[in-house]
Amino acid sequence: MLKRFLGPLLLATLIATSAATAQATPVKIKEPISNGRTLSEWIMHLKGRAPQTRNAAAYEIAGMGPAAVRAVPALIEALDDPSPVVRFPVTVALLEIGPGAKAAVPRLQQMIEEEINDEIAASARRALRHIDPAAVPPAD
């Protein structure tokens, strides 16, 4: 008789304990990794001292595609980089992120109009086309 009572009681205790432990455990969001570094590390490298470092970071973020959406604010900031070898891959990264980079639309529109480097302006237009086609200004 005691076995019949203790078995279900023990099972109920185990289930309740497991549920409480699962709720108390924080959920870790897996961060995308490229070339052995996390997205957070590549975002930090966008602010590196050397243009080559910033260039490589932008291309690595581009390779992560939509999973790199957390990098959008840093990429928008990098659109103002003084080096064209950085601005170009930043537009590529925003293009690869796609609609998740909608916050970049105003800055990309501005680049289309004001960028003196025609290749970068064209890349900004392509990025805008992938992010929000309706936001692409008419061609001159």
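Values quoted throughout were computed directly from the atomic coordinates according to the rules given, and no laboratory measurement underlies them. For clarity, every value in this text was computed on a predicted model and none was experimentally measured. Using ideal geometry, Cβ is built from the backbone for each residue, glycine included, and neighbour counts are taken over all protein chains shown.
Overall form of the range 48-126: oblate. Here a/c, set by the Cα gyration tensor axes a ≥ b ≥ c, is 1.5 or more, and a/b is not larger than b/c. Label point of Ala103 set 7 angstrom out along Cα-Cβ; within the range 42-76, amide nitrogens under 11 Å from it belong to 69-76.
In what sequence, highest mean first, do 95-105, 111-121, 52-62 appear when ranked by Cβ atoms within 10 angstrom?
Values: 95-105: 19.1, 111-121: 14.5, 52-62: 21.8.
Top of the packing list down: 52-62, 95-105, 111-121.
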